[in-house]
Every structure is written in structure tokens, then in C-alpha cells.
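Inspection log for the structure reproduced underneath, given as C-alpha cells.
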Amino acid sequence: MAYGKELAAAIKAASLAARLCRKVQKALLQSDVRSKHGRNKSPVTVADYGSQALVSFVLQQEFPGEFSLVAEEDSNDLRKDGGGEIVERITKLVNESLTSDGSYGVSLSSEDVLKAIDSGKSEGGSQGRHWVLDPIDGTKGFVRGDQYAVALALLDRGNVVLGVLACPNLPLTSISVAHPHSPNNEVGCLFFAEVGRGTYMQLLDGSSTVKVQVSAVENPEEASFFESYESAHSMHDLSSLIAQKLGVKAAPIRMDSQVKYGALSRGDGAIYLRFPRNGYREKIWDHAAGSIVVTGNTYLS
Ligand SMILES: Nc1ncnc2c1ncn2[C@@H]1O[C@H](COP(=O)(O)O)[C@@H](OP(=O)(O)O)[C@H]1O
Ligand SMILES: [Mg+2]
Ligand SMILES: [Mg+2]
Ligand SMILES: [Mg+2]
């Protein structure tokens, strides 16, 4: 495998981060949510920071020396007055995750954690290799108790060459309109794809790996479509108009985050419609991992 070592490290990092996120989501308190930017009220939680610190730390352990990470969060707000207590909580969470895994016999200081978060400040680019991370994609879903993903991808000379999507709340079985989710179904999937090698899904503990396929439906009348849960992220009235013009009959499946790409990659639905509002600029960490997971079987070698 051309990127075998990178893929194994990415799966490991994303799985550890997903475990941390699960724990925080279970115990979620309103005080865990910090308003990151006063202007757009994008939420960020201890889990977003903890996940980024963990992934960054694991990747740097696995690839010392050659390391570039483009990631969503930074430590600016944490370093402000009053951030100390939250940094301690993040540090505790990160250390608990590392201890439970047992592969890295270290304990990080608060400063180590802040540094790990800030190693995600690379500008990326079309030369060399860059990791791309969304430590929690769908923070709004995470806070609501819904869907979210840890999304990690690797760019090599400008191309996405591997992607991992850990989706702790996605049912193992299809969430299509035709197969409504039974409340007893087990949840927690991880999708991974490497260029030329196809897309696979496994449980979050790494077991039960299966190859997945996108939907074979060609007739829009039989297709269902995914869109953002948040109407502020994608214009629902426009997608409903387009779905109608396409002849799609099913109601939209609204879900947060790149979990939509994971669900698409295994054929739960056939279409993903996303229409950001005027002026919004998409970020690479919101699509890099999802894009290769959904197209992973396209150019099999
Ligand atoms: N006004 C906007 N328009 C489009 N996307 C937005 C947005 N505001 C935030 N987002 C992005 O939408 C992502 C969630 O995707 P989705 O809409 O599919 O649930 C968010 O990721 P984060 O939750 O990582 O910040 C965020 O980057
Ligand atoms: Mg965000
Ligand atoms: Mg995101
Ligand atoms: Mg995010």
C-alpha cells in the first residue's frame, strides 16, 4: 500500500479522538461550549480542542520530522484570561485517552496540549504532504446530541490520497428512508479510503471491516438525498426545488457533518445537495476526508 503507514496512523488517531468525543458528548454540559467567534456564534467545545490535540500528537509521534497539519481550531481563545480551567480539562481528557490506549507512555502538560493544537496552523498547499483535520465536524450536531464526525485526510502534492471519517453516532445499518433507524441499533462507524484501494467501513474498535459501495440507483425517482441539518449552512428551499426538478420523490435526510459522505459511500442515499449562502467560503477540512470516502472506489487499481 502506497500510504499504508499513514492510513494506519490516521485510523488510530481518529479512533482515539472519537473515543474522547463520545465521552464528552455523554457528559455534555452547557459550560463545555465556548463561543469561538462572537460574530457567527460557531460553537467549539472541549472535545473539539481535545480531539485536535490528540490527532496532532499521535500523528507527530508516528511521523516525527516531516509534519504539516491544516486543522480547524487554534489555541487563541484558550490562551486568553480565564482559559486556564478549560485547558486543564482538555489536558486531563487527552491524557486519559492516551493512557487508555497505552501505546504512548507519556503524560502531556497543558503547554504540550496547546502546542499540539497549534501545530494545526499549516497553510497546506500543492507541494509536499499535508494532513487535513476537522477535529469535530458538525459541532452543532455534537452539542445537540446528534451526528458529528472526526474527519482526517492526507494531501499529497495537492491531491487527497487518504481519508478517515469516524462517525460515533452513525448506526451500523442503513439510515435510508426505506430502512428507518431502530432505536436499538448499534451506532459507531469508521470509514476509510485510500486512493486506488477503495472505501471500507469498520466498527470504531477496528473490527468487522467491510467494503462499501455507493448507491447504484440511477433513476432520481428512486433516489433519496442528504443535506445539512442546519438551514444556515445550506439553503433547504433551493435543494427542495432542485430535488423536485430532478424528480426526487423522497423527503430529504437532514444530518450534520461529513457523516453524510459516509452514509453516501455505503449507499444509504444517492445524492448530497449543499448550497451555502452567499459569501460563505468552504474550508478544506469540511470536505477532504468525505470526498475520498465517497469517491474511493472510482479509480481502483
Ligand atoms: N454559513 C455556513 N455555510 C456553510 N457551511 C457552514 C456555515 N457555517 C458553518 N459551516 C460549516 O458547516 C460545517 C458542518 O457541516 P454541515 O452543514 O454539513 O453539518 C461546519 O463544520 P464544523 O461543525 O466543523 O464547524 C462549518 O465549517
Ligand atoms: Mg467549527
Ligand atoms: Mg467542519
Ligand atoms: Mg469542526
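The values are calculated or read from the model by the stated rules, or taken from the named source; none is laboratory data. Just so it is clear, the model here is predicted, and its values are computed rather than measured. Quick reminder, even Gly has a Cβ in these numbers, built from the backbone with ideal geometry, and neighbours come from all protein chains shown.
Quick look at the values:
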{"read-out": "Residues of region 97-144 that turn out to be modelled with pLDDT of 95 or more, in contact with a Lys or Arg (Cβ under 8 Å, 6 or more places away or on another chain) and over 25 Å from Leu155 (Cα atoms), as a count", "value": "1"}
{"read-out": "Out of Met255, Met235, sole residue that is modelled with pLDDT of 95 or more and either among the basic types (Lys, Arg) or within 16 Å of ligand 4 (Cβ to nearest atom) (or both)", "value": "Met255"}
{"read-out": "Conditions (1) buried (at least 19 other Cβ atoms within 10 Å of the Cβ); (2) over 17 Å from Gln61 (Cβ atoms); number of the one not met by Leu108", "value": "(2)"}
{"read-out": "Which numbered condition Ser207 fails, given (1) within 27 Å of Val161 (Cα to Cα); (2) assigned to a loop (DSSP other than H, G, I, E, B); (3) in contact with a strand residue (DSSP E or B) (Cβ under 9 Å, 6 or more places away or on another chain); (4) not aliphatic (A, V, I, L, M)", "value": "(3)"}
{"read-out": "In region 220-247, residue farthest from Ala151 (Cα to Cα) [restricted to those that are within 16 Å of ligand 2 (Cβ to nearest atom) and not hydroxyl-bearing (Ser, Thr, Tyr)]", "value": "Ala232"}
{"read-out": "Single unsatisfied condition, Glu282 versus (1) surrounded by fewer than 21 Cβ atoms within 10 Å (Cβ to Cβ); (2) in contact (Cβ under 8 Å) with a residue 12 or more places away in the chain; (3) within 16 Å of ligand 3 (Cβ to nearest atom); (4) under 28 Å from Glu194 (Cα atoms)", "value": "(2)"}
{"read-out": "Test result for Gly196, modelled with pLDDT of 95 or more and surrounded by fewer than 19 Cβ atoms within 10 Å (Cβ to Cβ)", "value": "no"}
{"read-out": "Matching residues in region 222-262 - criterion: being touching a Leu at 6+ places or on another chain (Cβ under 9 Å) and among the acidic types (Asp, Glu)", "value": "Glu227"}
{"read-out": "Verdict on Leu155 being more than 16 Å from ligand 3 (Cβ to nearest atom), over 30 Å from Pro171 (Cα atoms) and crowded, with 16+ Cβ neighbours inside 10 Å", "value": "no"}
{"read-out": "Qualifying residue in region 227-240 (condition: within 16 Å of ligand 1 (Cβ to nearest atom) and part of a strand (DSSP E or B))", "value": "yes"}
{"read-out": "Residue list for region 124-145, restricted to those being closer than 15 Å to Cys167 by Cβ, out of contact with any Phe, Trp or Tyr (no Cβ under 7 Å at 6 or more places or on another chain) and of a type in the set (Gly, Ala, Ser)", "value": "Gly145"}
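Per-residue answers, yes or no, for (1) more than 16 Å from ligand 3 (Cβ to nearest atom); (2) without any contact (Cβ under 8 Å) to a residue 60 or more places away in the chain; (3) under 24 Å from Phe142 (Cα atoms); (4) of a type in the set (Val, Ile, Thr):
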| site | (1), (2), (3), (4) |
| --- | --- |
| Asn219 | yes, yes, no, no |
| Phe225 | yes, yes, yes, no |
| Met235 | yes, yes, yes, no |
| Leu246 | yes, yes, no, no |
| Asp256 | no, no, yes, no |
| Ile271 | yes, yes, yes, yes |
| Arg274 | no, yes, yes, no |
| Asn278 | yes, yes, no, no |
| Leu300 | yes, no, no, no |
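Let's see how each residue does on (1) within 16 Å of ligand 2 (Cβ to nearest atom); (2) within 16 Å of the chain's Cα centre (by Cα); (3) of a type in the set (Asp, Glu):
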site: Lys249; (1), (2), (3): no, no, no
site: Ala270; (1), (2), (3): no, no, no
site: Pro276; (1), (2), (3): yes, no, no
site: Trp285; (1), (2), (3): yes, yes, no
